[in-house]
Amino acid sequence: MYIFQGNRLDIPIKFHLFKGMAEEKALVDSGAMENFINHQTIKRLKLGTKKLKYPIPVRNIDGT
């Protein structure tokens, strides 16, 4: 079920984790070319992370 709140669209998603499952809401951004998740959600869901050998720069559509 999609939930509209103002000008945003929340989509409930489920993560399959080593210790079971967790639910979260995702925001839709049709222009995104990568996947992003904030640090608080990573900690709360106890997801693993891996440091990249080379950082990937993040830019806005206007190049800033």
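The values are calculated or read from the model by the stated rules, or taken from the named source; none is laboratory data. What you see is a predicted model; the values in this text were computed from it and never measured. Here Cβ is always computed from backbone atoms with ideal geometry, including for glycine, and neighbour counts include all displayed protein chains.
The table below gives the values:
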item	result
Test result for ASP10, at pLDDT below 80 and surrounded by 10 or more Cβ atoms within 10 Å (Cβ to Cβ)	yes
Selection within the range 23-64 - among the small types (Gly, Ala, Ser) and either surrounded by fewer than 10 Cβ atoms within 10 Å (Cβ to Cβ) or at pLDDT 85 or above (or both)	SER30, GLY31, ALA32, GLY48, GLY63
